[in-house]
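Only one structure is covered here, and it is reproduced in the block below.
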Amino acid sequence: MPPVFACPACLLLVLAFPGDEPAAERRLRAPSVGGRGESGPLDWVLEKVASGSDEWSLEKVHDEVSARLKDVASRITEVVGARPFAGGDLKGWLAPGFRSAGLAPGPLERVSLGAGLEVERGEARSEMREGAREGAPEGAAGAQPPEMAGAAFAEALGGLFEGAARLEKSKFKVFRIVPGAGPSEGVATRVLLEADGPAAAGGFFQLRAVWDLAWRREGDGWLLASLVPVSLERARLARRVFAEVTEEALGANPCYRDQLLVGVDAWRTRFDSSSGIDIYGHQGVSVGDFDSDGWEDLYLAQPAGLPNRLLRSRRDGTFEDVTEEAGVGVLDTTGGSLFADLDSDGDQDLVVVTSLETLLFENRGKGRFALPRPCGLETAGREGASSMGCTAADHDRDGDLDLYIFSYVFWAGAGSKTHSSYPYPYHDAQNGAPNFLFRNDGRLRFEDVTREVGLDANNRRFSLAASWCDYDADGDPDLYVANDFGKNNLYRNDGGAFRDVAEEAGVEDTGNGMSVTWEDYDNDGRMDLYVGNMWSSAGSRIAGQPGFGRTGDDLRTVYRRMARGNSLFRNLGGGRFEDVSIASGAYFGRWAWSCQFIDHDSDGREDLYVSNGFVTNEQPDDL
């Protein structure tokens with residue numbers, strides 16, 4: 001029987017199949033379930049998650065409506081740039097008496113953002129946006145828009161993509177669905193449309209629209225009964241701002257083609273499971289000048305079983321692989337790494353956090369590192385915690401950097417693909433592995449002071465990120481911890497002692513925390529907080545369905561919040577923050593992993609870069 005790996009955060013089943021086919025041809029896929037002419041040993045598992053097989057019957061409707069939208073998206077991609085839309089292009093999609101007042105929510109505001117970027121955007125009235133987030137889409141009730149002929153709608157649809165030479169992508173995502181909506185019984189959905197491609201005048205075109213669509217069942221299918229626009233953003237970029245230079249920078253190293261360009265699913269079919277390799281792949285990059293030549297170098301974690309790579313800058317935009325000479329080719333599962341001068345000798349040491357232990361590599365100069373043992377960090381491994389990463393700050397202001405190491409679960413054994421403990425309850429789990437604060441006592445010796453300084457409070461929450469910042473401007477660094485399941489922590493530092501003040505500060509932010517970053521985004525002199533979470537279309541749909549109401553209003557609100565996406569908190573001073581995620585538009589980062597403020601256009605205002613996505617392999621219908 002092939003192994004089954006379940007991710008509790010997203011209820012994703014991943015099935016790996018050995019077989020006779022070449023490893024390079026294998027893909028992550030599951031056996032067919034009923035009606036496809038095939039069968040597999042795990043049909044009984046997949047039947048449990050088949051849409052419509054349980055009380056969430058609207059998920060079956062979602063699948064049917066999504067299939068209709070997929071056809072529409074394909075038609076849009078086919079027509080845009082080739083010819084104008086015609087009424088016949090929408091044949092079999094619109095219901096008789098279709099209603100819409102247009103595809104954009106009123107006049108669009110035009111904004112020039114510099115660097116050749118022009119944006120048009122518009123949003124519906126605020127009560128419509130808020131009401132649809134907390135309940136039914138607008139199409140479920142209230143006044144209906146006027147009737148619109150198919151030819152007029154086709155013309156409006158074509159005008160939506162004005163400026164695009166053609167589309168390379170046009171895709172829908174349904175993230176709200178409720179019954180009994182529209183001009184007759186049916187369903188109402190809230191959908192996201194994203195499309196992009198080259199612009200007619202050169203450069204690039206991108207569109208993002210949110211619509212409320214009401215559907216009516218006709219025979220065995222669904223027809224669109226009405227469309228109400230919620231928001232629209234259309235952007236044109238005159239020239240590419242960033243250029244892809246990965247191959248130019250790394251391509252001269254054998255590891256680039258032999259290891260870095262090979263898909264993680266291919267490695268999973270070749271490596272023994274005891275190597276610890278899993279579907280999540282690469283664990284990030286650390287940047288630091290380890291050889292003190294004034295140029296930043298890279299430390300790149302690879303999937304377990306492959307050596308991490310140290311890439312030294314050649315001062316010309318390219319990098320050379322110096323992993324073996326430096327002695328830092330760690331093979332174990334790496335959760336994170338960090339360059340930092342931990343012994344105050346003027347060069348940067350390297351910390352590598354693996355699932356088994358935290359490795360401290362002392363920089364000995366001349367491009368070489370060594371492992372001083374013992375250093376005190378071993379106590380984290382003895383607790384059985386499978387750590388995910390670390391961050392450094394001088395928390396006690398004694399002149400050297402201390403280390404905070406954050407953990408997720410308890411180590412479940414070599415080759416284990418299951419969690420040793422599952423989060424319970426999902427929205428407020430406190431049964432994860434503990435995090436640790438190690439005080440730097442000099443000469444690369446560390447002492448666990450977690451309990452001593454108060455950081456053992458609320459300390460078992462499946463942590464994935466942490467970041468230091470003196471948010472209250474009292475001279476010592478405070479600590480924010482983003483947790484995957486449940487509430488986040490804001491530990492205020494009062495002279496070296498900590499207290500979790502997340503609730504009173506207004507930043508608990510229940511929402512599958514993936515990452516955290518600080519910056520004064522509004523230039524008011526106070527550091528603001530941005531937390532990367534998950535925007536989940538499936539979570540939004542389920543939490544918005546009537547059956548979910550049996551959980552109670554408070555818990556329903558929590559789960560809707562968990563599916564909402566990222567959070568931006570504005571620092572008001574006095575130890576308080578204001579949640580401006582929705583008002584700022586910064587909440588939508590898709591399935592976000594990491595985030596960073598960066599003033600990419602040098603206009604004095606900090607922009608946000610969000611890394612996102614999930615394992616979809618070659619599946620083409622994900623955003």
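The values are calculated or read from the model by the stated rules, or taken from the named source; none is laboratory data. Because the structure is predicted, anything quoted here is derived from the model rather than measured. Because the Cβ atoms are built from the backbone with ideal geometry, glycine has one as well, and the counts that use them run over all protein chains shown. These area figures cover heavy atoms from the full protein model, side chains too; ligands, DNA and RNA do not enter into them. Shrake-Rupley method; radii C 1.70, N 1.55, O 1.52, S 1.80 Å.
Inside region 428-464, can you point out the residues that are under 19 Å from residue 354 (Cα atoms), among the small types (Gly, Ala, Ser) and part of a loop (DSSP other than H, G, I, E, B)?
Within region 428-464, 432, 433 meet the criteria.
This table checks each residue for (1) of a type in the set (Gly, Ala, Ser); (2) open to solvent by less than 60 Å² (accessible area, probe 1.4 Å); (3) in a helix (DSSP H, G or I); (4) at pLDDT 85 or above.
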residue: 517; (1), (2), (3), (4): no, yes, no, yes
residue: 530; (1), (2), (3), (4): no, yes, no, yes
residue: 549; (1), (2), (3), (4): yes, yes, yes, no
residue: 555; (1), (2), (3), (4): no, yes, yes, no
residue: 572; (1), (2), (3), (4): no, no, no, yes
residue: 588; (1), (2), (3), (4): no, yes, no, yes
residue: 600; (1), (2), (3), (4): no, no, no, no
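Restricting region 248-258 to residues that are open to solvent by less than 70 Å² (accessible area, probe 1.4 Å) and either free of Cβ contacts under 8 Å to residues at least 12 places away in the same chain or in a loop (DSSP other than H, G, I, E, B) (or both), which is farthest from residue 308 (Cα to Cα)?
So the residue we want is 251.
State which residue is farthest from residue 600 (Cα to Cα) when the search covers only region 219-241 and only residues that are among the β-branched types (Val, Ile, Thr) and either under 25 Å from the mean Cα position of the chain (by Cα) or surrounded by fewer than 19 Cβ atoms within 10 Å (Cβ to Cβ) (or both).
230
Name the residues in region 57-85 that are in a loop (DSSP other than H, G, I, E, B) and either of a type in the set (D, E, K, R) or farther than 25 Å from residue 204 by Cα (or both), would you?
Once the filter is applied, which keeps residues that are in a loop (DSSP other than H, G, I, E, B) and either of a type in the set (D, E, K, R) or farther than 25 Å from residue 204 by Cα (or both), region 57-85 yields 57, 83.
Is it the case that residue 473 is modelled with pLDDT of 95 or more and either part of a loop (DSSP other than H, G, I, E, B) or in contact with a Lys or Arg (Cβ under 6 Å, 6 or more places away or on another chain) (or both)?
yes
Can residue 298 be described as assigned to a strand (DSSP E or B), free of Cβ contacts under 8 Å to residues at least 24 places away in the same chain and not β-branched (Val, Ile, Thr)?
Criteria met by residue 298.
So, in region 259-292, how many residues would count as being open to solvent by less than 40 Å² (accessible area, probe 1.4 Å), under 22 Å from residue 392 (Cβ atoms) and either among the basic types (Lys, Arg) or in a loop (DSSP other than H, G, I, E, B) (or both)?
Residues in region 259-292 being open to solvent by less than 40 Å² (accessible area, probe 1.4 Å), under 22 Å from residue 392 (Cβ atoms) and either among the basic types (Lys, Arg) or in a loop (DSSP other than H, G, I, E, B) (or both): 3 in total.
Let's see how each residue does on (1) farther than 21 Å from residue 593 by Cβ; (2) touching a strand residue (DSSP E or B) at 6+ places or on another chain (Cβ under 7 Å):
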position	(1), (2)
445	yes, no
457	yes, yes
466	no, yes
491	yes, yes
502	yes, yes
505	yes, yes
508	no, no
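When the residues of region 405-420 are narrowed to those that are on the phi < 0 side of the Ramachandran plot and over 23 Å from the mean Cα position of the chain (by Cα), which ends up modelled with the highest pLDDT?
410
Need pairs with beta-carbon distance below 7 Å; first residue without any contact (Cβ under 8 Å) to a residue 24 or more places away in the chain and within region 422-433, second among the polar types (S, T, N, Q); sequence gap 6+ or separate chains.
424/431
Output the number of residues of region 476-515 satisfying the condition of being assigned to a helix (DSSP H, G or I) and either within 24 Å of the chain's Cα centre (by Cα) or without any contact (Cβ under 8 Å) to a residue 24 or more places away in the chain (or both).
2
Condition (residue is out of contact with any helix residue (DSSP H, G or I) (no Cβ under 9 Å at 6 or more places or on another chain), in contact (Cβ under 8 Å) with a residue 40 or more places away in the chain, open to solvent by 30 Å² or more (accessible area, probe 1.4 Å) and part of a loop (DSSP other than H, G, I, E, B)) applied to region 200-218: is it met by at least one residue?
Yes, the conditions are met somewhere in region 200-218.
Pairs only if they're at least six apart or on different chains, beta carbon under 7 angstrom, first in region 369-383 and hydroxyl-bearing (Ser, Thr, Tyr), second surrounded by 14 or more Cβ atoms within 10 Å (Cβ to Cβ) and not in a helix (DSSP H, G or I); list them, first residue then second.
What qualifies is 379/448.
Just to confirm my filter: which strands (runs of 3 or more DSSP E) fall fully inside region 334-409 and include at least 1 residues that are under 24 Å from residue 489 (Cα atoms)?
Where strands (runs of 3 or more DSSP E) fall fully within region 334-409 and carry at least 1 residues being under 24 Å from residue 489 (Cα atoms), they are 334-340, 349-354, 358-365, 385-393.
Check 565, 613 and return the single one that is farther than 20 Å from residue 525 by Cα, open to solvent by less than 70 Å² (accessible area, probe 1.4 Å) and at pLDDT 90 or above.
565
Enumerate the pairs (first residue in region 342-355 and free of Cβ contacts under 8 Å to residues at least 24 places away in the same chain; second residue anywhere and open to solvent by 10 Å² or more (accessible area, probe 1.4 Å)) with beta-carbon separation below 8 Å, excluding pairs fewer than 6 apart on the same chain, so at least 6 apart or on different chains.
Short answer, once both residue conditions are applied: none.
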